[in-house]
Amino acid sequence: MKLTIAAIRSGTDPVGKLPTGSFHRWLEDPIHCAKCDATYNLVVEWDQYVDRHFEQNSRNLITMLRKAVQLGHGTDHRVTHFETSGVIVKSFTKPEPPPAAKPQHIM
């Protein structure tokens, strides 16, 4: 079974799909940006969390998510949802609303 962990910025809703599974577990230790107050909560499928090798298998994935959060500081943490299940970290950015149309002056 491939381990998938998602990091979701607190105060926002997940933009991408959460890891598959009927129940999810929010991990106790969130990831904090060292330079500001951004916090990302970690979520994993329940069946993967209760596996006896979870601590060993999740260590590298959590390290990659920490690095992604630290790199996200340069873009003002516009990414609200990170997900990793291997050597790649996917990032999901909340879509911005379309800009309001500016009134045109007729001469």
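Data for the structure
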| read-out | value |
| --- | --- |
| Matching residues, the stretch 34-53, being among the hydrophobic types (A, V, I, L, M, F, W, C) and crowded, with 17+ Cβ neighbours inside 10 Å | Ala38, Leu42, Val43, Val44 |
| Which numbered condition Phe82 fails, given (1) among the hydrophobic types (A, V, I, L, M, F, W, C); (2) part of a loop (DSSP other than H, G, I, E, B); (3) modelled with pLDDT of 85 or more | (2) |
| Count of the stretch 61-79 residues which are at pLDDT below 85 and hydroxyl-bearing (Ser, Thr, Tyr) | 1 |
| Close pairs from the stretch 57-74: first in contact (Cβ under 8 Å) with a residue 40 or more places away in the chain and part of a helix (DSSP H, G or I), partner of a type in the set (Lys, Arg) and surrounded by fewer than 17 Cβ atoms within 10 Å (Cβ to Cβ), Cβ under 9 Å, at least 6 apart | His73/Lys35 |
| Residue under evaluation Thr80, criteria (1) loosely packed, with under 15 Cβ neighbours inside 10 Å; (2) within 17 Å of Thr93 (Cα to Cα); (3) among the hydroxyl-bearing types (Ser, Thr, Tyr), criterion not met | (1) |
| Members of the stretch 32-56 that are β-branched (Val, Ile, Thr) and either part of a loop (DSSP other than H, G, I, E, B) or touching a residue at least 60 places away in the same chain (Cβ under 8 Å) (or both) | Val50 |
| Which numbered condition Lys2 fails, given (1) in contact (Cβ under 8 Å) with a residue 60 or more places away in the chain; (2) open to solvent by 20 Å² or more (accessible area, probe 1.4 Å); (3) touching a strand residue (DSSP E or B) at 6+ places or on another chain (Cβ under 7 Å) | (3) |
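The values are calculated or read from the model by the stated rules, or taken from the named source; none is laboratory data. The shown structure was predicted, so the numbers you read here are calculated from the model rather than taken from an experiment. A quick note on method: Cβ atoms are made from the backbone with ideal geometry, for glycine too, and the neighbour counts reach across all protein chains shown. Heavy atoms of the whole protein, side chains included, go into the accessibility calculation; ligands, DNA and RNA do not. Shrake-Rupley method; radii C 1.70, N 1.55, O 1.52, S 1.80 Å.
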